[in-house]
1. Please give me the summed charge of the neighbours of Arg11: other residues whose Cβ is under 10 Å from its Cβ, Lys and Arg +1, Asp and Glu -1.
2. Cβ under 15 Å from Ile37's Cβ, Ile37 left aside: what net charge do those residues give with Lys, Arg +1 and Asp, Glu -1?
3. How high is the relative contact order of the chain, in percent, with contacts defined as C-alpha pairs under 8 Å that are six or more residues apart?
4. By the scheme Lys and Arg +1, Asp and Glu -1, what is the net charge of all other residues having a beta-carbon under 13 Å from that of Lys24?
5. What does a probe at Leu45 reach in region 51-72, counting residues whose amide N is under 15 Å from the point 7 Å along Cα→Cβ?
6. Once every DSSP H run of n ≥ 4 in the chain is given -39500 (n - 2.57) and the sum is divided by its residues, what mean residue ellipticity at 222 nm do you get, rounded to the nearest 500 deg cm²/dmol?
7. What is region 9-71 by shape, rounded, prolate or oblate, if you read a ≥ b ≥ c off the alpha carbon gyration tensor as root eigenvalues and call it rounded for a/c under 1.5, prolate for a/b larger than b/c, and oblate otherwise?
8. In whole Hz, with x marking every Gly and Pro, tabulate ³J(HN,Hα) for region 43-59 from phi via Karplus 6.51 cos²θ - 1.76 cosθ + 1.60, θ = phi - 60°.
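No lab work stands behind these numbers, since they all come straight from the coordinates. From a predicted model like this one, the values you see are computed outputs, not experimental measurements. No Cβ is skipped: glycine too gets one built from the backbone with ideal geometry, and neighbour counts run over all protein chains shown.
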Amino acid sequence: MIQHILIPQHRKLGEQETEEILKKYNVSKKQLPKIKINDSAILELDPKKGDLIEIIRDSPTTGKSYFYRVVI
């Protein structure tokens with residue numbers, strides 16, 4: 001995992017986790033923002049096209065903020 005103050009934590013979700021997130025937010029993968037397969041922040045995750053990546057950012061107001069991107 002890349003350790004740098006400017007790069008938030010990235011995590012590849014499994015199939016079941018992906019389905020739970022899509023159902024929770026009532027969205028499809030086509031509706032989510034994209035991240036390129038060769039993005040340096042996710043290279044160590046061995047991404048495949050269509051994978052869902054969870055990005056965890058520190059937030060001064062909520063503690064942690066979660067964002068989701070689909071690998072293209």
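1. With Lys, Arg at +1 and Asp, Glu at -1, the neighbours total -1.
2. Net charge around Ile37: +3.
3. 39
4. Details: positive: Lys23; negative: Glu17, Glu19, Glu20, Glu54.
Neighbourhood net charge equals -3.
5. 51-58, 65-72
6. Details: 1 runs with 11 residues, N = 72.
Taken over the chain, the calculation gives -4500 deg cm²/dmol.
7. Numbers: a/c = 1.81, a/b = 1.10, b/c = 1.65.
In terms of gyration-tensor shape, oblate.
8. Each residue of region 43-59 in turn: 4, 6, 7, 6, x, 10, 4, x, 5, 9, 10, 9, 10, 10, 10, 6, 10 Hz.
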